[in-house]
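Coordinate-derived values only; no laboratory data. From a predicted model like this one, the values you see are computed outputs, not experimental measurements. FYI the Cβ positions are ideal-geometry reconstructions off the backbone, even for glycines, and counts take in every protein chain you see.
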Amino acid sequence: MTPALRKLRDLFDDMSADAPDNHRRIAQLERRIRDDNRRRAFAVAGVTLLTAAGVLIPAFLLPGSAVPPRETTTAVQPAAELPPRFTSGDGSAYRRLASATLKAKSKGEKKASLTVPVSGKPLEVAALCPEGNPADLARPRVIVNGEPSSNGFQQCLTRQGTGMVLGSVSAPKGAEQVTITFDITDGGCVPKKDEACPTRTFLQPTDWPLAVYEYTPPARPVEPDPVEAFPARRETLKLAGQASGVWPRKSSFALTVTSPGGYFGIDHLCTGDLADRLSISYRIGDEPSQGERVCGHRTLDDTNALLWSEKVPKGTKITISGKVRMRGGHPNRQTRWSVGVYSSKIVKLVR
């Protein structure tokens, strides 16, 4: 390092010494650098295309330096290819271990397998959601060393359009490598013990770009973005109570509300890179668990709540409780969640 660069670095260190600590700053800077590199890559690609067509472009019109940009971890990839490396918004560094395409539509394939080494870092499977109605497409279920995994790329069912989705998988304890199989034979079903998956003949085969990644978690947890506030009213519904927290620091809640003489509707919102993997289970009073519902990225524009109670007499106090969880180990990765309970009063019409 030259003396001038050393003095400049010392000056920057002195100027930033009193700046507030922000663990997300590095991730933000990396994201800005990736965006700049991506724009420059598109610009260079456009210049190359015009030159090949016989168009002469003066050098002074070229944006930036004439030296091609160095390869980054998020280099622009073809539309049907999952990136070899990328960094998530919370600073987790992903590295692709292997990739394949399950060509169910073009070649009639039913399975594709990838064998990858196990280093001790978390493993994840990835897919590019295909075009078409996701409810009509056969999604691959994931099998790790012969054992079904809970992951089935269900995010493709709620995603608007195509894009990459990820899900965690667990390697057997002590394994040095694992074989991960993607199977569309049973249409994405995860069989229970001693039960077979039904054959869904109505599902359409499609080609699935797939990959296995390992990632290095961020050195420190990054706080997820704030959750959108629940409105006090949604048409005829009135906000009766709400609870929130950051998983895994807080993974349960209980709200006691008083009925105005009608029903209760429950809604939830989540933020964070893993929001589409977080699930919340609910109990309404003494009723059994209502099952798990994936949180994901939702808006409050929906006219219907996720879950409704039975009719509750006016003045009755009822406790709505829930548990928040996520499958797989996700060190230093957090998700913010918020649950809102709305009351709906039954109004008798005057005849």
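For the ranges 332-345, 170-183, what's the packing order if you count other beta-carbon atoms within 10 Å of each residue, average per peptide, and put the highest first?
My ranking of the peptides, most packed first, is 332-345, 170-183.
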- Calculate the spin-label point distance for residue 93 paired with residue 345, positioning each point 7 Å from the Cα along the beta-carbon direction, and give it in nanometres. 5.9 nm
- Item | HN-Hα J in Hz across segment 256-262 - Karplus 6.51, -1.76, 1.60, θ = phi - 60°, x for Gly and Pro | 10, 10, 10, 6, x, x, x
- Query: Which entries in the list 250/317; 250/311; 111/173; 121/250 go over 28 Å, if you measure between the two C-alpha atoms of each?
  - Reply: 250/311
